[in-house]
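The values are calculated or read from the model by the stated rules, or taken from the named source; none is laboratory data. In this text, all values refer to a predicted model and were calculated from it rather than measured experimentally. Note: ideal-geometry Cβ built from the backbone for every residue, glycine included; neighbour counts use all protein chains shown.
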Amino acid sequence: MDGYTTDVNYPAFFYKEMQPVWLSCVSRLLGFAAPDVARPFSYCELGCGLGVNLLVAAACHPHARFVGVDFNDRHLRVARAAAQAAGLSNIEFVHSGFCEFAASHPGSFDFMATHGVWSWVAPRHRAGLLDCVSASLQPGGLFYLHYMCHPGSTDLLAVQHVLNLFAPHVPGTSAQQVQMGLKLLRQLAERGLFVDQPGVLKHLNSLHSKDPNHLAHEFLTDHWQPQHSVDVHQQIGALGLGYLGSADVFNNLDASLSIPGQLQGVVQQTQIPALAETLKDMARNSHQRMDLFQRQPRPLGREDYVAQLGATLFQQLPGAPAGGPVTFSTPIGPIEAPQALCTALLLRLAAGPASFSELAQLAAFAGQPALLLQTLQLMLMQEIVHPGNPAPASGHSQAHGLTQWFERNRIALKVLAPCGTAVRIGAAFDQAR
Ligand SMILES: C[S@@+](CC[C@H](N)C(=O)[O-])C[C@H]1O[C@@H](n2cnc3c(N)ncnc32)[C@H](O)[C@@H]1O
């Protein structure tokens, strides 16, 4: 449809970063007031695919309302069947393109999100997506936008171009076409095609083990375009939304942890925000971004920030290590956190959820709230710890029903209502992840 793959289904993927509990926690950690997920709220996902992310959110928040929009009815049929099987009455899937949705459903949402869409669709659909946000995001509401970015994705442009040109000339589904295209590229690589582009070769080899349906959606669109983050921020800024930071918490860490050593000083000294953001993407060789924006941003005053951060609950996830030290694998290499800090935190959280204020009283962090915040963010990133769902008593039967539907459909996810998320089954904590 308009150059977008529709003949095979996109796989069932889950991203913790899209969940309301996570988004509101990250926005608070960044110093901005977030919609309160303990109270009724509304959430819309644009381009929801099979709806996995939205289904998890709806199961964990029965008191909230969820809407998924997609122009692929095959995807929505699966999503609706899952909602029905899990007994979710607070979710609706709307069969619509973005342009039509913006014109016909002027809703009002506290959260709007889109993942795996922006850098894959034609400019008119990106404009439609922006119209949806412009028409429907409440003041103070959060917008999550995922996209491929420069410079990490730049060297795939030529690969995508070949795959897109080749596909219409081979028979079969788009999943088969993309596999044929990759085979051709590997044959050419053996003959030295990418000899001076080791980055492309590395990418090509990493695609080998991926689900062909995923690859078809990823590479066969006619409008594949990584973005410069500053351009995206400018477009979203024109709607009256401000950039808060990343939903991927690693990127919000202090530059001393999240930028390779020799570049830290340069990035930290840069006074021009757009330049600093670009340099960060370059220093990290970022290939995708999960940006978090707020309509009419609501920065918290110092007192409110301390109070709201202090009240934020944290909980250990299944498979967390019993003690430290912990080696965190980050996009710029491994970071080892000291044994005393990790062990103190892990032992306390093994005993049950705790607020930031309670954790700040641990002897290992005495008088060092910034160090606690940093350690927690690394643990959030590595799925050792998760923010607690402030309405933990709710959603248990729906969460169970959805987990059962996942099981029947061989989707290795378990819904965790007390955290407002899902975890991969069998994904015991792995330091090499
Ligand atoms: C790559 S999938 C991502 C699905 C889901 N967000 C996820 O991350 O798992 C992109 C989805 O966006 C939908 N989509 C693409 N362009 C669209 C448009 N213009 N209007 C509505 N849906 C669109 C596709 O049908 C597809 O289901």
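Residue under question is LEU220, and the condition is that it be under 30 Å from GLN177 (Cα atoms) and touching a residue at least 60 places away in the same chain (Cβ under 8 Å); does it hold?
yes
Across the range 216-240, what is the total count of residues that are part of a loop (DSSP other than H, G, I, E, B) and not small (Gly, Ala, Ser)?
Qualifying residue count, the range 216-240: 9.
Consider VAL67 against the criteria (1) of a type outside the set (Gly, Ala, Ser); (2) assigned by TED's automatic domain parsing to the domain that holds PHE98; (3) within 12 Å of the ligand (Cβ to nearest atom); (4) more than 21 Å from PRO390 (Cβ to Cβ): it satisfies all of them except one. Which criterion is unmet?
(3)
Which count do you get for residues in the range 71-93 that are near the ligand (Cβ under 8 Å from one of its atoms) and either over 23 Å from GLY3 (Cβ atoms) or touching a Ser or Thr at 6+ places or on another chain (Cβ under 8 Å) (or both)?
Number of matching residues: 2.
Which pairs turn up if I take residues in the range 124-151 that are under 17 Å from PHE32 (Cα atoms) and look for partners that are more than 16 Å from the ligand (Cβ to nearest atom) and basic (Lys, Arg) with beta carbon separation below 6 Å, at least 6 apart in sequence or on another chain?
These pairs meet every condition: LEU137/ARG295; PRO139/ARG295; GLY140/ARG298; GLY141/ARG295.
If you go through the range 25-72 one residue at a time, how many are surrounded by fewer than 22 Cβ atoms within 10 Å (Cβ to Cβ) and hydroxyl-bearing (Ser, Thr, Tyr)?
1
Mind checking whether some residue in the range 21-30 is of a type in the set (Phe, Trp, Tyr) and either part of a helix (DSSP H, G or I) or within 9 Å of the ligand (Cβ to nearest atom) (or both)?
yes
Consider ARG80 against the criteria (1) modelled with pLDDT under 95; (2) in contact with a strand residue (DSSP E or B) (Cβ under 9 Å, 6 or more places away or on another chain): it satisfies all of them except one. Which criterion is unmet?
Looking at each condition in turn, ARG80 falls short on (1).
Right, ALA57: among the aliphatic types (A, V, I, L, M) and within 30 Å of ALA370 (Cβ to Cβ) or not?
no
Need pairs with beta-carbon distance below 8 Å; first residue closer than 20 Å to ALA57 by Cβ and polar (S, T, N, Q) and within the range 90-104, second more than 9 Å from the ligand (Cβ to nearest atom) and part of a strand (DSSP E or B); sequence gap 6+ or separate chains.
ASN90/ARG65; ASN90/PHE66
Considering only residues that are under 22 Å from the mean Cα position of the chain (by Cα) and of a type in the set (A, V, I, L, M, F, W, C), look in the range 76-93 and name the one that is surrounded by the fewest Cβ atoms within 10 Å (Cβ to Cβ).
The extreme case among them is VAL78.
Conditions: (1) within 16 Å of the ligand (Cβ to nearest atom); (2) among the aliphatic types (A, V, I, L, M); (3) under 16 Å from GLY141 (Cβ atoms). VAL37 meets all but one. Number of the miss?
(1) is the only condition that VAL37 fails.
Within the range 94-125, which residues are basic (Lys, Arg) and either crowded, with 22+ Cβ neighbours inside 10 Å or more than 14 Å from the ligand (Cβ to nearest atom) (or both)?
none
Only one residue in HIS228, HIS223, HIS217 is within 16 Å of the ligand (Cβ to nearest atom), at pLDDT 90 or above and surrounded by fewer than 18 Cβ atoms within 10 Å (Cβ to Cβ), so which one is that?
Selected residue: HIS223, the only one of HIS228, HIS223, HIS217 that is within 16 Å of the ligand (Cβ to nearest atom), at pLDDT 90 or above and surrounded by fewer than 18 Cβ atoms within 10 Å (Cβ to Cβ).
State whether one or more residues within the range 2-9 are closer than 30 Å to PHE314 by Cα and not polar (S, T, N, Q).
no
Residue check: is GLY51 near the ligand (Cβ under 9 Å from one of its atoms), on the phi > 0 side of the Ramachandran plot and touching a residue at least 40 places away in the same chain (Cβ under 8 Å)?
Criteria met by GLY51.
Are any residues in the range 370-411 more than 24 Å from LEU349 (Cβ to Cβ), assigned to a loop (DSSP other than H, G, I, E, B) and among the hydrophobic types (A, V, I, L, M, F, W, C), and if so, which ones?
ILE411
Applying the selection to the range 193-213, what residues are of a type in the set (S, T, N, Q) and within 24 Å of PRO11 (Cα to Cα)?
ASN205, SER206, SER209, ASN213
Could you list all residues from the range 159-214 that are within 22 Å of THR6 (Cβ to Cβ) and either among the charged types (D, E, K, R) or surrounded by fewer than 13 Cβ atoms within 10 Å (Cβ to Cβ) (or both)?
The answer is HIS161, LEU165, PRO168, HIS169, PRO171, GLY172, LYS210, ASP211.
Give, as residue ranges, the strands (runs of 3 or more DSSP E) completely inside the range 260-333 that count at least 1 residues that are without any contact (Cβ under 8 Å) to a residue 60 or more places away in the chain and within 22 Å of LEU30 (Cα to Cα).
Strands (runs of 3 or more DSSP E) meeting the threshold: 326-330.
If GLY240 satisfies all but one of (1) surrounded by 16 or more Cβ atoms within 10 Å (Cβ to Cβ); (2) modelled with pLDDT of 90 or more; (3) not hydroxyl-bearing (Ser, Thr, Tyr), what's the number of the condition it fails?
Failing condition for GLY240: (1).
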